[in-house]
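Here's a structure for you.
Every read-out reported here was derived from the displayed coordinates using simple, explicitly stated rules and does not represent laboratory data. This is a predicted model, so every value here is computed, not measured. Here the Cβ positions follow ideal geometry from the backbone for every residue, glycine too, while neighbour counts run over all protein chains shown.
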Amino acid sequence: MLFQGRKGLKPESPNQDSWFCLKVEQCFSLYAVFDGHGSKGHKVSQFVKDNLPKLILMVPRSVADFGGDLVQLRGTSSPVGDWVAMVPSSPSSRWQDERFGKDSADLPDMLKENFQRTQDLIIASDKIGKLSAALSGTTATLVVHDHESKQITVAHVADSSSVLGRRKGPDDFEAEQLTRDHKPNLKDEKARIEKAGGMVVFDGYANHRIYARNARHPGCQPRATS
């Protein structure tokens, strides 16, 4: 079930939310949301929405390694360049990529790696003028749902919270928050930022901002940005 977000009372501003849902029959699904911020936040969230799933689904092994009847999906419309995703050629085929299997030890590291690769793409695209991300960024929350084991794995950056809903009765639901927002005013997050050479400053209104130490311009980025 999906709900479309409602843009705030800024008619001159674009909706900066992006999302995707991707399902591989009988195997797994990926659900993700991205909330951009800054003047070009909508561009950054769209960039991550377009490229993160491609990086996750890229398979650096031959079809034979999977022992299944697979076909290749190719694309060239992103900084990732030529990318290849392996999917079953029919609903009866079973994708044998062990990264997404039950209790896979590779899954957390794979997700962390591809979050970092996406960040590297943002930085590279900003440097060559293909994306304006110096003062804009996005959150990212991704859920991997294993259909066979009925397990979910969550990876996230910043403050787009992931919440699991359970039905307890015909009209009774229970909500469980799965993620802890990365806020710069949190003790451990503030320490991480300061260790990286930044400082956290309260704007006197409602938000804590990150600046380069002894400067009044953005410094190391909080995990809510690019």
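For the stretch 112-180, run through the GluC sites (Glu not before Pro) and keep only the ones in DSSP coil with at most 13 other Cβ atoms within 10 Å of their Cβ. Spell out each step's value before the answer.
Values: sites: 113, 148, 174, 176; in loops: 148.
Loop-located and lightly packed - 148.
Taking 25 Å as the cut-off for C-alpha to C-alpha distance, list the pairs among 112/190; 49/112; 40/187; 40/195 that go past it. Walk me through the numbers before you get to the answer.
Numbers: 112/190 21 Å; 49/112 16 Å; 40/187 29 Å; 40/195 28 Å.
From 112/190; 49/112; 40/187; 40/195, over 25 Å: 40/187; 40/195.
Of all alpha-carbon pairs in the stretch 126-194, indicate the percentage at a distance above 17 angstrom.
Values: 1493 of 2346 pairs.
Everything past 17 Å amounts to 64 percent.
Read phi for every residue in the stretch 130-138 and hand back ³J(HN,Hα) as whole Hz from Karplus 6.51 cos²θ - 1.76 cosθ + 1.60, θ = phi - 60°, with x for Gly and Pro.
Whole-Hz 3J(HN,Hα) from phi for the stretch 130-138: 8, 8, 9, 10, 5, 10, 9, x, 7.
Could you pull out the trypsin sites (Lys or Arg not before Pro) across the stretch 176-213 that fall in loop regions by DSSP (anything but H, G, I, E, B) with no more than 14 other Cβ atoms inside 10 Å?
On the way: sites: 180, 187, 190, 192, 195, 209, 213; in loops: 180, 213.
Answer in residue order: 180, 213.
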